[in-house]
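The next block holds one structure in the form of structure tokens; read it before the comments.
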Amino acid sequence: METPIVAVVTGSNRGIGRAICAALLKQTSRPLILYTVSRAGSSFDLTDLTVPPTAKIYPAQLSLTDQDSITALSKRISNEQRGCDILINNAGIYYFQEKIPAAQRQETLDVNYRGTLKVCQAFLPIMQKNGRIVNVSSQSGELKYFHPRLQAQFSDPNLTLSELDALVNEYSDSADQNTAMSEGWPPLAYFTSKAALNAATRILARENPHLLINCCCPGWVGTSLGMQAGQPPKSVGKRGSLCTRGRITYCFPEEGARIPLRLAVGDIGGISGRYWANDSVASTGDGKVKNF
Ligand SMILES: NC(=O)c1ccc[n+]([C@@H]2O[C@H](COP(=O)([O-])OP(=O)(O)OC[C@H]3O[C@@H](n4cnc5c(N)ncnc54)[C@H](OP(=O)(O)O)[C@@H]3O)[C@@H](O)[C@H]2O)c1
């Protein structure tokens, strides 16, 4: 029998993560072992999905703010499989307000940047050669929202992880003192968390040339996270479900999974360390390389 692909998707219980799992199950031509990771650790609702006989689903538990759970999952997969072929870091949070308590700002950085980086670091030793890591980021992390001084620091090709940490700590200190915006940081912590994730992606790709490590914006998608900002143009609706724009109803199943899926299993021409998106957050294309 053909060797199965071992894939891990965080935040798989709902939203884009669930759509990514559904798309992986639907399109894989090779046998698939899929670890569906969530904070609860339980399996998601499979009722509308066809699980092919060549696929196996293993529910798994992980919280991005709990290092032990991250280490345990990497150990578990190392024990149960020959390694990991595809890691999709999809889990994330968004407090869609400028003025949030310091604890929520900290949580945003801990989950979207520090936690995701810890998952990458825990999995690097068990990634198979030519394995792929996909970090689901956001257009909010693009550097156009930052002062040119910060743009230069984030995009320095020699930036190290400890320098990146220091930059993120500088943001936290400025935000604590209410000087972040006057110092050129964007108004929402989410933006800094995703810019840091993009920079970390580039550093990890540079340090691990045997892997393909990329990040992306999935577009503006109709999930509980995406709907905080209004009515998103893209859907992760169940197969065949409909979404309405104005008075017209369209069918756009699993649109939000398209770019992450391409980075995980599609043709990306051997590119690593880049940020992928469409020209518009409404576009349903499968992404192209863009500037951070
Ligand atoms: N929707 C959009 O328009 C949009 C746009 C750009 C980027 N994104 C990015 O896409 C990714 C998925 O977002 P979504 O729209 O699908 O959001 P969602 O529906 O709110 O789902 C978020 C997922 O992240 C998990 N999660 C949250 N905090 C976690 C933690 N501390 N540890 C582990 N898992 C945690 C959630 O698990 P629980 O169920 O346990 O909370 C859930 O599975 C995020 O990284 C987001 O930033 C989304």
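The set of residues from region 27-37 being free of Cβ contacts under 8 Å to residues at least 40 places away in the same chain and touching a Leu at 6+ places or on another chain (Cβ under 8 Å) comprises 32, 34. Among the conditions (1) in a helix (DSSP H, G or I); (2) β-branched (Val, Ile, Thr); (3) within 22 Å of residue 275 (Cα to Cα), the only one that residue 71 does not satisfy is (3). Step by step: first the residues of region 65-101, then only those that are within 13 Å of the ligand (Cβ to nearest atom) and in contact with a strand residue (DSSP E or B) (Cβ under 9 Å, 6 or more places away or on another chain), then the one that is nearest to residue 263 (Cα to Cα). Which residue is that? By that ranking, first place goes to 88. For residue 45, the criteria (1) among the acidic types (Asp, Glu); (2) away from the ligand (no atom under 13 Å from the Cβ); (3) closer than 23 Å to residue 226 by Cα hold in every case but one, which is (2).
Please tell me if residue 237 is of a type in the set (Gly, Ala, Ser), surrounded by 14 or more Cβ atoms within 10 Å (Cβ to Cβ), closer than 27 Å to residue 84 by Cβ and modelled with pLDDT of 50 or more. Before you say what the answer is, go through the steps one by one.
Working: of a type in the set (Gly, Ala, Ser): yes; surrounded by 14 or more Cβ atoms within 10 Å (Cβ to Cβ): yes; closer than 27 Å to residue 84 by Cβ: no; modelled with pLDDT of 50 or more: yes.
No: the conditions fail for residue 237.
Across region 110-160, what is the total count of residues that are in a helix (DSSP H, G or I) and more than 12 Å from the ligand (Cβ to nearest atom)? Going through region 110-160 one residue at a time, the tally reaches 19.
Taking the conditions exactly as written (out of contact with any strand residue (DSSP E or B) (no Cβ under 6 Å at 6 or more places or on another chain) and away from the ligand (no atom under 16 Å from the Cβ)), does residue 38 satisfy them or not?
Details: out of contact with any strand residue (DSSP E or B) (no Cβ under 6 Å at 6 or more places or on another chain): yes; away from the ligand (no atom under 16 Å from the Cβ): no.
No; evaluated as a whole, the condition is false for this residue.
Within region 119-172, being among the charged types (D, E, K, R), surrounded by 14 or more Cβ atoms within 10 Å (Cβ to Cβ) and under 30 Å from residue 81 (Cα atoms) holds for one residue alone: 132. Here residue 14 meets each of (1) in contact (Cβ under 8 Å) with a residue 60 or more places away in the chain; (2) buried (at least 22 other Cβ atoms within 10 Å of the Cβ) with one exception, condition (2). Screening the candidates 87, 64 for the property of being in contact (Cβ under 8 Å) with a residue 24 or more places away in the chain, part of a loop (DSSP other than H, G, I, E, B) and either in contact with a Lys or Arg (Cβ under 9 Å, 6 or more places away or on another chain) or crowded, with 23+ Cβ neighbours inside 10 Å (or both) yields one hit, 64.
The values are calculated or read from the model by the stated rules, or taken from the named source; none is laboratory data. Note that the structure is predicted; figures quoted are calculated from it, not measured. Heads up, the Cβs are rebuilt from the backbone with ideal geometry, glycines too, and the neighbour counts pull from every protein chain shown.
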